[in-house]
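The values are calculated or read from the model by the stated rules, or taken from the named source; none is laboratory data. Worth saying up front: this structure is predicted, and the values here are computed from it rather than measured. Neighbour counts are summed over all protein chains in view; Cβ atoms, including those assigned to glycine, are modelled from backbone coordinates with ideal geometry. What goes into the accessible areas is simple: the full protein's heavy atoms, side chains included, and nothing from ligands, DNA or RNA. Shrake-Rupley method; radii C 1.70, N 1.55, O 1.52, S 1.80 Å.
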Amino acid sequence: MAPEFELIQETVDVIRKQWNKKADAGIVLGTGLGGLADKIQADAVFSYEDLPNFPRSTVELHAGKLILGTLEGKTVVAMQGRFHLYEGYTAKQITFPIRIMKALGADLLMVSNACGGLNPQYKPGEIMLIEDHINLLCANPLIGENDERLGPRYPDMLEPYSHELIAKAKEIALQNGIAVQQGVYVAVPGPNLETRAEYRFLRTIGADVVGMSTIPEVIVAVHSGMKVIGFSIITDMGLPDVLEPVSIDRIVANAGLAEPKMNTIICGLLKSF
């Protein structure tokens, strides 16, 4: 396979035939959170299968489209659906779209996910602003030879999620009467949900929510010099002593409760960016 830099250029060349603007921000819309795409004034829309070197989305509720256009006066590149390790892809493959966003000019990444709550003070339908993360995926997209054109060999992870953007998001939430949490996201490979013992372990090591995505994308964003703001939508609770079965219908319903609130915060951030 060709070096990653060459693959990125090949994909960008295809996009540039239909869209030649500089992106201000990249947006990743997670499970049940694709509605923001409808607010984008689209200049170009690509199905993932029409873009060279892009993986194919195999997950239910992920539309599998790359949308390029304008939102709140800013040019954006939005993924309506993401990729996961449990689909059989490598960490480099699932983060390839973040490389494309950066190559198109984006200096900001807004990433969202649906997750399970571990903190007993949280409840389904709430938004958690990600302040830090724990990577239990046993995978890192930076493993292998480093290309200095894409970023440094040893990127610092002191502040993977921008404190400035978190503070601004909290301000926007307050102005709009939106309650938000702030905490730590842990990622596990999936696709099965966790056992009672695993939920206890994850809470013990300091996680407030658990999911199966996001961290590889954030690592690549930091590696490439992008600022990051992350949103976790709590769709179910992983409280071991009162654990209940989880259905995809309930996950989607709870994501739907939080999505309009998350979209308000994202749009407010774009206005101020």
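Observations
- Taking Lys and Arg as +1 and Asp and Glu as -1, the other residues whose beta-carbon sits under 11 Å from that of residue 250 total -3.
- Cα centroid separation - the range 129-194 against the range 226-250, whole Å: 16 Å
- Separation of the residue 156 and residue 267 label points, Cα + 7 Å toward Cβ, nm: 3.7 nm
- All other residues whose Cβ lies under 15 angstrom from that of residue 76 are scored, Lys and Arg at +1 and Asp and Glu at -1, for a net of +3.
- In range of the label at residue 17: residues from the range 81-111 whose backbone nitrogen is under 11 Å from the point 7 Å along Cα→Cβ: none
- Residue-level accessible surface for residue 138, protein heavy atoms, 1.4 Å, Å²: 130 Å²
- Whether the range 145-262 is rounded, prolate or oblate, judged on the alpha carbon gyration tensor where a/c under 1.5 counts as rounded: oblate
- Cα gyration tensor, the range 92-202 - rounded (a/c under 1.5), prolate or oblate: oblate
- Each peptide in 197-206, 103-112, 149-158 gets a packing score, the mean of other Cβ atoms within 10 Å over its residues, and the list from highest to lowest is 103-112, 197-206, 149-158.
- Using the Cβ-Cβ distance between residue 246 and residue 41 with R0 = 25 Å, the FRET efficiency computed as 1/(1 + (r/R0)^6) comes to roughly 0.10.
- Apportionment of accessible area to carbon and sulfur, the chain, percent (1.4 Å): 51 percent
- Dipole of the chain [Lys/Arg +1, Asp/Glu -1 at C-beta], most positive-end residue of 57, 233, 35: 35
- Descending by average beta-carbon neighbour count within 10 Å, the peptides 255-263, 211-219 line up as 211-219, 255-263, the highest first.
- Residue (of 89, 199, 150) at the positive-pole extreme of the chain, dipole from beta-carbon charges: 150
- C-alpha long axis of helix 4-16 to longest principal axis of the chain, angle in °: 80 degrees
- Once the Cβ-Cβ distance of residue 134 and residue 195 is raised to the sixth power relative to R0 = 30 Å, the FRET efficiency obtained is 0.95.
- Taken about its Cα centre, the range 5-161 carries a charge dipole of about 280 debye when Lys and Arg each add +1 at the Cβ and Asp and Glu each add -1 at the Cβ.
- Per the Cα gyration tensor, the chain maps to an equivalent ellipsoid with semi-axes of 28, 21, 18 Å, ordered largest to smallest.
- The alpha-carbon positions of the range 1-119 define a convex hull whose volume is 117 Å³ per residue.
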